[in-house]
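Comments concern the structure below.
Since every read-out is calculated from the coordinates, none of them should be taken as a lab result. Since the model is a prediction, treat every value here as computed from it, not as a measurement. Here Cβ is always computed from backbone atoms with ideal geometry, including for glycine, and neighbour counts include all displayed protein chains.
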């Protein structure tokens with residue numbers, strides 16, 4: 001695990017999944033903190049992106065604060081799963097879409113700017129796929145997304 | 001907090017990620033027709049008001065070795081769910097923990113936690129520890145490992161109310177990341 005990452009890349013992932021600098025030259029700020037230079041940081045991060053380890057440098061949002069969202073699930077026959085999953089993912093409002101081991105086997109998260117768009121989108125996905133969608137909206141969160149540790153314990 | 005038009009536009013712009021270059025906030029300012037200083041201030045407001053929960057590198061955890069990804073769901077009495085959720089959230093291997101609405105007649109579970117690990121043996125041991133520690137032996141529950149990830153991308157916040165994908169539009173970018181363990185090998189439902 002992580003043998004393909006350079007030491008700098010490992011440190012970047014360990015330190016900058018949260019609290020990314022909002023200085024005009026953030027990669028230089030990071031370089032100063034890690035004792036290297038801006039070009040090395042930019043090149044290490046570009047390489048993580050090219051290799052598919054980094055999705056993006058960006059934000060995750062507190063549920064309900066930036067728009068509307070819901071976890072949702074469908075029961076899809078195995079032989080149609082690939083096709084239906086692709087139809088679901090085609091909607092740009094889907095930000096996660098996983099096959100899980102259960103009778104309810106397709107699980108996804110729908111995010112939209114407001115509640116009305118959420119309802120419209122879910123109805124449109126039902127119409128497109130022909131399967132009912134069950135919604136499990138959040139009531140309360142107890143632990144937020146804090147990123148991932150690279151060290152295995 | 002009511003979001004300003006600029007905040008909405010910044011949120012939308014951030015879905016594509018921060019440009020990886022020397023002056024990324026200046027690049028975004030250029031796209032949005034404002035100044036670098038305004039972009040930074042607006043972003044800092046969103047972070048300070050906790051609209052943004054996390055700002056940083058968003059990794060593809062499966063590519064980095066987190067390939068055993070379990071969603072554990074419990075049916076907990078409504079009066080106890082909050083306290084149990086708070087206790088669950090303190091366990092070091094729990095990455096996310098939520099209370100959600102049940103689906104009548106279909107899905108009785110209301111308390112969810114995610115455990116992301118390198119292998120299923122470890123994750124299963126952690127689930128046993130969680131159940132013992134919180135004394136949940138009698139609570140109906142299920143463990144749903146993920147088999148394949150069809151999509152992981154930014155949430156479509158900050159978008160206009162009319163969905164582009166509801167009208168005729170080009171295909172959304174979709175990336176399928178196959179799970180290396182073939183299906184059928186693990187049938188795991190507690």
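With every atom except the alpha carbons ignored, what do you get for Rg and Dmax of the protein assembly as shown, in angstroms?
Final numbers for Rg and Dmax: 20.1, 58 Å.
Counting only other chains, and only Cβ atoms inside 10 Å, what mean value do you get across the residues of B:8-18?
4
Scattering from the C-alpha atoms of the stretch A:68-136 alone, worked out with Debye: what is log10 I(q)/I(0) at q = 0.27, 0.28 1/Å?
-1.33, -1.43
Tell me, what is the percent relative contact order of chain A, built from C-alpha pairs under 8 Å that lie six or more residues apart?
Once divided by the residue count of chain A, the mean separation gives 25 percent.
When you look at the Cβ of every residue in A:118-130, what mean number of other chain Cβ atoms sits within 10 Å?
Rounded to a whole number, the mean comes out at 1.
At a temperature of 20 °C and a viscosity of 1.002 mPa s, determine how fast the stretch A:7-50 diffuses translationally according to Stokes-Einstein, using the Kirkwood radius over alpha-carbon pairs as Rh; express D in µm²/s, rounded to the nearest whole number.
So the translational diffusion coefficient is about 207 µm²/s.
Note down, for the stretch B:5-48, the three equivalent ellipsoid semi-axes (square root of 5 times each alpha carbon gyration tensor eigenvalue), biggest first, whole angstrom.
Semi-axes (√(5λ), whole Å): 14, 11, 10.
For the residues B:134, A:146, B:43, what sequence is obtained by ranking on other C-beta atoms within 10 Å, fewest first?
Details: B:134 17, A:146 13, B:43 22.
Exposure proxy ranking, most exposed first: A:146, B:134, B:43.
Which of A:94, A:122, A:57 moves the most in a Gaussian network model of chain A with Cα springs under 10 Å?
The residue that fluctuates most here is A:57.
Just grab the label-to-label distance for residue A:124 and residue B:128, each label 7 Å out from Cα along the Cβ direction, in nm (one decimal).
So the label points at residue A:124 and residue B:128 sit 4.7 nm apart.
Based only on Cα atoms, what Rg/Rh ratio does the stretch B:29-103 have, Rh being taken as Kirkwood's radius?
1.14
Which value results when the Cα radius of gyration for chain A is divided by 2.2 N^0.38 Å?
That works out to 1.30 for chain A.
Against the 2.2 N^0.38 Å scaling, with N counting residues, where does the stretch B:1-152 land? I'd like the Cα-based Rg ratio to two decimal places.
Scaled against compact globular proteins, the figure is 1.35.
Given Cα pairs under 8 Å that are at least 6 residues apart, what percent is the relative contact order of the stretch A:7-50?
Details: 22 pairs, mean separation 15.5, N = 44.
Here the relative contact order equals 35 percent.
Average partner chain C-beta neighbours within 10 Å, per residue of B:70-77?
On the way: counts 2, 6, 0, 2, 0, 0, 0, 0.
Taking all residues of B:70-77 together, the mean is 1.
Using the per-residue mean of other Cβ atoms lying within 10 Å as a proxy for protection, in what order, highest first, do the peptides B:135-142, A:6-13 fall?
A:6-13, B:135-142
Applying 1/(1 + (r/R0)^6) with R0 = 35 Å to the Cβ-Cβ distance of residue A:79 and residue A:114, what FRET efficiency is obtained, to the nearest 0.05?
Computed FRET efficiency for residue A:79 and residue A:114 comes out at 0.45.
Take B:144, A:71 and order them by how many other Cβ atoms sit within 10 Å, fewest up front.
Ascending Cβ contact count within 10 Å gives the list A:71, B:144.
Roughly speaking, what is the stretch gain from residue B:80 to residue B:119, that is 0.36 nm per residue apart minus the C-alpha to C-alpha distance, in nm to one decimal?
10.9 nm
Sorting A:100, B:128 on the 10 Å Cβ count, fewest up front, what's the list?
Ascending number of Cβ neighbours within 10 Å: B:128, A:100.
Run lengths n ≥ 4 of DSSP H only: what is the helix-derived mean residue ellipticity at 222 nm for chain A, with -39500 (n - 2.57) per run over all residues, to the nearest 500? If you can, show how the numbers build up before the last one.
Numbers: 5 runs with 56 residues, N = 153.
Calculated mean residue ellipticity at 222 nm is -11000 deg cm²/dmol.
Round to a whole angstrom and tell me the spacing of the C-alpha centers of the stretch A:75-143 and the stretch A:2-25.
Distance between centres, Cα-based: 32 Å.
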